[in-house]
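Read the structure below first, then the notes.
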Amino acid sequence: MDVKQQFEALLSKTKKYVINNDFQNAAAAFAETAAFCTVESQKSTNSDAVNRSIRSRAVLFDEYATFIQRNNGFSAAIMDMFGIPYKQIERALTVNEPELDIITNKPKEVEKTPKEDETKKSENVDDDDFFSAWKPASEKEIEESEDGKKKINVSPIVPSKKSPEDYIPENDAPKDTDEEVSDGMVGTPATSDSELKPPTTFANFIGQEMALNRLKVAVDAAQLQNRKFIPHVILHGSRGLGKTTIMKLVANELGVPIKLVDCTTFGTGEKARTNLFKFIKNVSLENTPIVIGMDEVHRLSNALQTSLLTALNEKVFRELENGQDRSYPLTNCTFIGATTDPQDIIVELLDRWIQIKLEFYTRTELRRIYINKFAALGLTPTNEALDECINRCRSSIRDAEKIVSGLKELAIIEGTKHIAKELSFKYFTLADLDAIGLSKVEKQILNALADEPAGVLAENTIAAKVGLKTKVYSNHHEPYLLHMNLIAKTPRGRSLTDKALIYLKEGTYVNENN
C-alpha cells in the first residue's frame with residue numbers, strides 16, 4: 001500500500017467514525033492521522049511545498065482530535081473537511097431518510113461529481129501532492145491568529161437518540177480488528193534513527209493541554225514585552241507525567257538555556273546549604289537569561305526553602321559571608337520547581353510560584369504518544385498490541401517509554417518490525433507487567449482492603465500493612481488507584497470499589513478512562 005492509499009484509508013476510516021457519531025474512535029482516528037502526517041512531513045523526498053501542506057494537515061487533525069475529545073462532539077469544520085454539509089449531517093442523525101445518501105444528500109443511485117479543480121486550488125501545492133483528496137475546512141471556520149497559527153471556530157453537534165447505523169450498511173461500520181496500524185495509522189517509519197526524542201516545543205507535546213495553555217500565555221506575554229523570563233512556576237503531579245520535559249519546553253520557547261538540578265543531590269545539613277548557595281551564585285555570576293529547573297524541590301529542608309523566598313520574590317539571592325550581607329541578582333531567571341509532594345513545600349514558598357498540576361494522560365493521548373514512539377523506531381504495532389501497551393503504562397509517559405524500549409529489544413531478537421499482540425504479551429510476561437499496570441505493592445494494598453472485615457482502612461493503616469510510609473502510599477500509590485477507580489475515599493478511610501472486587505475475583509477490568 002503506497003502513501004496515498006494509506007492516507008485515503010485513514011480518511012475513509014475517520015469518515016466512518018464521524019458518520020457513526022462515534023466520538024471516541026473519531027478522536028483516535030484524527031490523532032492517528034495527525035501522527036501519520038507528522039511522519040510524512042519529515043521526508044526529504046517531498047518538495048518543500050508538499051511538506052508545508054502536510055504539516056498544516058497535521059496541525060489541523062491534531063486540533064480536531066483535541067476538540068472532539070474535549071467536547072464529545074463534531075464541528076462544522078470537521079464536517080466540511082469531508083464535504084459533508086453540516087446541517088445535513090445534523091439532520092441525518094435525527095431524521096430517518098434511508099433513501100438518501102448521507103454523504104451526498106442525494107438518492108444513492110446518483111453519483112456526486114467531485115470538484116477536483118476547487119480541491120487543487122485550495123491545496124496550493126504541487127499537483128502530485130498525495131493529500132489532494134483532503135478537503136480543508138472553510139475560511140469561515142479557520143482563521144489565522146496574529147502569531148500565524150490556525151484557529152478553528154467550532155460549534156459541536158449535539159448527538160441525537162437516533163442511531164446513525166440506520167444510514168450505514170452494517171458491513172461498512174468500523175470494526176475492532178488486529179490489523180496492522182500501517183493500514184490505519186502510521187505505516188511509514190520515521191526518517192530519523194531509532195532514538196526516542198522528546199518534544200522541543202509546546203506544539204508537539206501531546207497531552208497536558210491545560211498546563212501548557214497556562215505556560216503558553218506566560219511565554220507569549222514575555223515575548224511581547226521582549227522579556228526572557230516568566231513568573232516562577234511549580235509543576236506537581238504523579239511521577240512520569242513529563243514535568244522535566246515541560247521545564248525544557250519553557251526554556252526552548254523562551255529561547256534561553258536551562259540548568260536542571262536534582263535537589264536530592266544537595267545533601268543534608270550544612271553541606272546542602274553550601275551546595276545550594278554555590279549553585280545559585282554561579283547562576284547569578286553568569287548573568288544571562290536562564291531557566292532554573294529544580295526537580296524534587298520538596299526534598300530541600302524547610303530552612304533551604306526559606307532561603308529561596310527572596311530569590312523568587314525579589315529576584316535577588318542574599319547570604320551572609322564573613323559577616324557581610326552579599327546580594328546576587330537573578331534578574332532574568334525563571335525558577336521552575338517540580339514535585340510529587342507539594343504538601344512538603346512550605347506555604348510561603350508555594351505561594352510565590354504559579355502552581356500547575358499535571359494530570360494523568362487519556363487513552364487517546366497515550367495512543368498518539370505510542371504511535372509516535374513506535375514510528376520513530378520503525379516499528380509497526382497492531383491495534384490490539386497498542387491497546388495492551390496503553391493498559392499497562394499507568395497513564396505515564398515514562399512507563400510508556402520503558403514499554404516501547406522493551407518491545408524494540410524483543411523485536412530485534414525476534415527479527416521483526418511487526419509488534420503483534422502475541423509479541424507484546426511475551427514482553428509483558430518477561431517484564432512481569434500487570435494487565436492494568438498495578439505494581440505488586442498496589443495489589444497488596446487491594447488485598448489488604450479486601451481482607452479487612454470492616455471494608456475500610458485509614459491511610460496510615462494501609463501503609464503499615466504493606467510496609468510503606470504513609471507519605472509514600474499517599475503520593476506514589478493512591479493517586480493511580482483512585483485514577484483507575486479501584487479505591488474510594490470515605491469519611492472513615494479508603495474502601496474498595498466494585499471494579500476492584502471484580503478485578504481481584506475475576507482478573508477482568510473495564511477501562512472507562514478516555
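Bear in mind these aren't lab numbers, they're just calculated from the coordinates by the rules spelled out. Note that the structure is a prediction, hence the values are computed from the model and not measured. All Cβ positions, glycine included, derive from the backbone under ideal geometry; neighbour counts span all protein chains shown.
Taking the mean number of other Cβ atoms within 10 Å as a proxy for protection, how do you rank 28-37, 408-417 from highest to lowest? Mind dumping the intermediate values first?
Numbers: 28-37: 25.9, 408-417: 13.8.
Going from most to least packed, we get 28-37, 408-417.
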For R326, what is the net charge nearby, where nearby means another residue's Cβ is under 12 Å from its Cβ and Lys, Arg count +1, Asp, Glu -1?
-> -1
So for the stretch 440-506, using the alpha carbon gyration tensor with a ≥ b ≥ c as root eigenvalues (a/c under 1.5 gives rounded; past that, a/b versus b/c decides prolate or oblate), I'd call it rounded
Could you give the dipole magnitude of the stretch 225-357 about its Cα centre, charging the beta-carbon of Lys and Arg +1 and that of Asp and Glu -1, in debye to the nearest 20?
-> 300 debye
With Cβ to Cβ distances under 13 Å as the rule, what net charge do the other residues near V297 carry (K, R +1; D, E -1)?
-> -2
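Which pairs, out of K16/K499; K373/K426; K443/K471; K402/K499, put more than 30 Å between their alpha-carbon atoms?
K16/K499
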With R₀ set to 41 angstrom, the calculated FRET efficiency between the beta-carbons of A450 and N275, to the nearest 0.05, is 0.35
Just going by the charge dipole of the stretch 283-429, with Lys and Arg at +1 and Asp and Glu at -1 on Cβ, which of L358, S395, A420 is farthest out on the positive end?
-> A420
Could you tell me which of Q444, L468, P491 has its Cα farthest along the dipole of the stretch 440-506 towards the positive end, charges placed at Cβ (Lys, Arg +1; Asp, Glu -1), taken about the Cα centre?
-> L468
Measuring from its Cα centre, the stretch 440-506 shows a charge dipole (+1 at each Lys and Arg Cβ, -1 at each Asp and Glu Cβ) which, in debye to the nearest 20, is 160 debye
Checked the stretch 275-335 against the a/c 1.5 cut and the a/b vs b/c comparison, axes a ≥ b ≥ c from its Cα gyration tensor; verdict oblate
What is the fewest-to-most order of M484, M210 by other Cβ atoms lying within 10 Å of their Cβ?
-> M210, M484
Whole-angstrom gap from the stretch 432-451 to the stretch 291-310, using each part's C-alpha centre | 34 Å
Assertion target for R299, R367, R227, ordered by fewest C-beta neighbours within 10 angstrom first, is R227, R299, R367
With a ≥ b ≥ c the root eigenvalues of the C-alpha gyration tensor of the stretch 229-308, is it rounded (a/c under 1.5), prolate (a/b larger than b/c) or oblate?
-> oblate
For the stretch 225-357, please report how many Lys pairs fall under 19 Å Cα to Cα, leaving out neighbours fewer than 8 apart on the same chain.
-> 13
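Among H298, H476, which comes first, second and so on when ranked by fewest other beta-carbon atoms within 10 Å? Can you show the working numbers first?
Working: H298 23, H476 18.
Ordered by Cβ neighbours within 10 Å, fewest first: H476, H298.
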Take the alpha-carbon centre of the stretch 329-361, take the same for the stretch 375-429, and report the distance between them in whole Å.
-> 34 Å
